[in-house]
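Engineer: Below: one structure in structure tokens.
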Amino acid sequence: MSNLLFLVELGSEVKTIGSEPTQALLRIQCQADLDQLLSESVVFTLLSGKEFNPCTLSHALQTLSLERSLGPKLLGVFPGGRFEQFIPSRPLQCSELSKPSIGKIVAPMLARVHTLDVPITKEPQVMMCARGWLAKFKESDAGAHPVDIRCTAASVPSQCYPSKITCEELEEELDFVEEFLRKSQSPVVFSHNDLQEGNILLCADYHLNGDGSIRSRSGENDVVDPLVLIDFEYCSYNYR
């Protein structure tokens, strides 16, 4: 786990000023390495529209604003964490994300992410990231031995996949994927890179029907979007 999340609230006796929120999400970063610093750089730049500078991060409270209106609002940052807008909601389930009506809502949201011009390296990062993870695994005790493969999330005949795989075979797979991507001529765009059901929130003001349609619980046209994308920590430029 790279984050600890806490819901914090003002006491009932505290009077708010203007549109001051009474609740916020406190995110504490548990990683303290270069990878985490780089991901924080992306999140800071994406949510604030400003260039990230770790030396002045503690002063960002006075200058941040959610100019790009993506995801929860960034309320404040400090060394090792940040405060974000708390959105009463629940994450989508895998079966819900597969519904065409949900896809029609998520697709333009993701397309908007793809249009962003973020001041970070424009080189695709997927292969560098995958090779970095594999290198770390090879250095571990588990990486010295073949890894057992078991299908648990789907019913797949055992003859359709190997019973074990080695780091050397994984390297060969990465070489194949890299060559495929190079020949694909895919545009390189700013990518979320982790857009699974757990990172798409259904706001509490809305109800998801069995057919995948979404309706307002109040029966009125709410100004709040029904779905919200979250967790931009893995964002980078990648093949679309």
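The values are calculated or read from the model by the stated rules, or taken from the named source; none is laboratory data. Nothing here was measured: the structure is a model prediction, and the numbers come from that model. Neighbour counts are summed over all protein chains in view; Cβ atoms, including those assigned to glycine, are modelled from backbone coordinates with ideal geometry.
Engineer: Here is a list of conditions, (1) under 28 Å from SER95 (Cβ atoms); (2) out of contact with any helix residue (DSSP H, G or I) (no Cβ under 7 Å at 6 or more places or on another chain), and ARG240 meets all of them except one; can you say which number that is?
Structural biologist: Of everything listed in (1) under 28 Å from SER95 (Cβ atoms); (2) out of contact with any helix residue (DSSP H, G or I) (no Cβ under 7 Å at 6 or more places or on another chain), ARG240 misses just condition (2).
Engineer: If I ask for residues that are within 30 Å of GLN23 (Cα to Cα), in contact with a Gly (Cβ under 8 Å, 6 or more places away or on another chain) and not charged (D, E, K, R), which ones from the range 80-125 would you list?
Structural biologist: PHE83, PRO91, LEU92, LEU97, ILE102
Engineer: Hey, another quick one. Among (1) in contact (Cβ under 8 Å) with a residue 24 or more places away in the chain; (2) assigned by the TED database to the domain that holds ILE230; (3) of a type in the set (Lys, Arg), there is one condition ARG82 misses while meeting the rest; what is its number?
Structural biologist: (2)
Engineer: Within the range 66-101, track down each residue that is under 17 Å from the mean Cα position of the chain (by Cα) and among the basic types (Lys, Arg).
Structural biologist: Once the filter is applied, which keeps residues that are under 17 Å from the mean Cα position of the chain (by Cα) and among the basic types (Lys, Arg), the range 66-101 yields ARG68, LYS73, ARG82, ARG90.
Engineer: May I ask you to list the residues in the range 102-113 that are surrounded by 15 or more Cβ atoms within 10 Å (Cβ to Cβ) and within 16 Å of the chain's Cα centre (by Cα)?
Structural biologist: Of everything in the range 102-113, those that are surrounded by 15 or more Cβ atoms within 10 Å (Cβ to Cβ) and within 16 Å of the chain's Cα centre (by Cα) turn out to be VAL106, MET109, LEU110, VAL113.
Engineer: Could I ask something else about it? Would you tally the residues in the range 70-79 being surrounded by fewer than 17 Cβ atoms within 10 Å (Cβ to Cβ) and under 17 Å from SER19 (Cα atoms)?
Structural biologist: First pass over the range 70-79, keeping only residues surrounded by fewer than 17 Cβ atoms within 10 Å (Cβ to Cβ): 76, 78-79.
Of the ones still in play, those that are also under 17 Å from SER19 (Cα atoms) are 76.
Counting residues in the range 70-79 that are surrounded by fewer than 17 Cβ atoms within 10 Å (Cβ to Cβ) and under 17 Å from SER19 (Cα atoms) gives 1.
Engineer: What tally of residues in the range 163-204 results from selecting those that are part of a loop (DSSP other than H, G, I, E, B) and in contact with a Lys or Arg (Cβ under 6 Å, 6 or more places away or on another chain)?
Structural biologist: Of the residues in the range 163-204, 2 are part of a loop (DSSP other than H, G, I, E, B) and in contact with a Lys or Arg (Cβ under 6 Å, 6 or more places away or on another chain).
Engineer: Pairs under 6 Å by beta carbon, first residue free of Cβ contacts under 8 Å to residues at least 40 places away in the same chain in the range 151-169, partner outside any loop (DSSP other than H, G, I, E, B) and exposed (fewer than 10 other Cβ atoms within 10 Å of the Cβ), six or more apart or different chains?
Structural biologist: From the range 151-169, the pairs are LYS164/ASP148.
Engineer: Filter the range 129-162 down to the residues that are assigned to a loop (DSSP other than H, G, I, E, B) and touching a strand residue (DSSP E or B) at 6+ places or on another chain (Cβ under 7 Å), then identify the one that is nearest to ASN238 (Cα to Cα).
Structural biologist: This residue is ILE149.
Engineer: Name the strands (runs of 3 or more DSSP E) wholly within the range 1-110 that hold at least 2 residues that are at pLDDT 90 or above and of a type outside the set (Asp, Glu)?
Structural biologist: Strands (runs of 3 or more DSSP E) meeting the threshold: 3-9, 23-29, 89-91.
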